[in-house]
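Visitor: Pasting in a structure now, in C-alpha cells, and then I'll have a few things to ask.
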Amino acid sequence: MRKRELDFFRKLLNRRLEELLMEAERTKDQVKEIDEPVADPMEFASNGFDRDFLLRLRDRERKLMVKIKEALERIENGTFGICEECGEKISQKRLRARPMTTLCIDCKHEQEAAEERQKYEGPRESSTLWARM
Ligand SMILES: [Zn+2]
C-alpha cells in the first residue's frame with residue numbers, strides 16, 4: 001500500500017481511537033454515578049440493569065480500542081490491508097468501511113458461515129440470557 005493511503009488510514013484510526021477514549025470516559029462517569037448508594041429498592045434494581053448495560057458497553061469499547069491499536073501496529077509493520085487468513089490484499093472499499101478488519105471479504109464470509117453453523121450446533125446464548133433474568 002502507498003504511503004499516502006497508509007497515512008489516510010492512520011489518521012482515520014487515530015480519530016476513531018480518540019472518539020472512543022472520550023466515550024469511555026463518559027461511560028466510566030456514568031458507572032460511577034450509578035454506583036452511588038440508593039435507598040429506593042426499585043431504583044436500585046433498575047440501576048443494576050443500567051450498570052450491566054454500561055459495563056457491557058465498556059467491555060465492547062475496550063475490545064474495539066484493542067482492535068484499533070492492532071490496526072495501527074499493522075500500519076507500522078507493513079501488514080495493514082493484507083488478509084491474515086489467505087494473504088491476499090483487502091479491497092480499499094472494505095478497508096475504508098472497516099479499517100480494523102484483518103480479513104478480506106471472502107474470508108470474512110467464510111468466517112461468518114462458520115460462526116452461523118456453530119450457533120446452531122452450540123449452546124443457545126440468547127436462551128441462557130433469558131433463563132438468568
Ligand atoms: Zn482472505
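The values are calculated or read from the model by the stated rules, or taken from the named source; none is laboratory data. Just so it is clear, the model here is predicted, and its values are computed rather than measured. A quick note on method: Cβ atoms are made from the backbone with ideal geometry, for glycine too, and the neighbour counts reach across all protein chains shown.
Visitor: Given the conditions (1) part of a helix (DSSP H, G or I); (2) touching an Asp or Glu at 6+ places or on another chain (Cβ under 9 Å); (3) modelled with pLDDT of 85 or more, which single one is not true for residue 119?
Guide: (3)
Visitor: Being over 20 Å from residue 8 (Cβ atoms) and surrounded by 11 or more Cβ atoms within 10 Å (Cβ to Cβ) is the filter; apply it to the range 73-102 and report the residue that is farthest from the ligand (Cβ to nearest atom).
Guide: Initially, the range 73-102 is screened for residues over 20 Å from residue 8 (Cβ atoms), giving 84-88.
Checking which are surrounded by 11 or more Cβ atoms within 10 Å (Cβ to Cβ) leaves us with 84-86, 88.
On the way: 84: 8, 85: 4, 86: 3, 88: 5 Å.
My answer is 84.
Visitor: Which members of the range 52-109 meet the condition of being assigned to a loop (DSSP other than H, G, I, E, B) and touching a residue at least 40 places away in the same chain (Cβ under 8 Å)?
Guide: Start the filter on the range 52-109 by keeping residues that are assigned to a loop (DSSP other than H, G, I, E, B), which leaves 78-81, 83-88, 90-91, 98-104.
Within the range 52-109, 80, 81, 99, 100 meet the criteria.
Visitor: Look through the range 35-71, keep the residues that are at pLDDT 70 or above and touching an Asp or Glu at 6+ places or on another chain (Cβ under 9 Å), and return whichever of them is farthest from residue 6 (Cα to Cα).
Guide: Result: 51.
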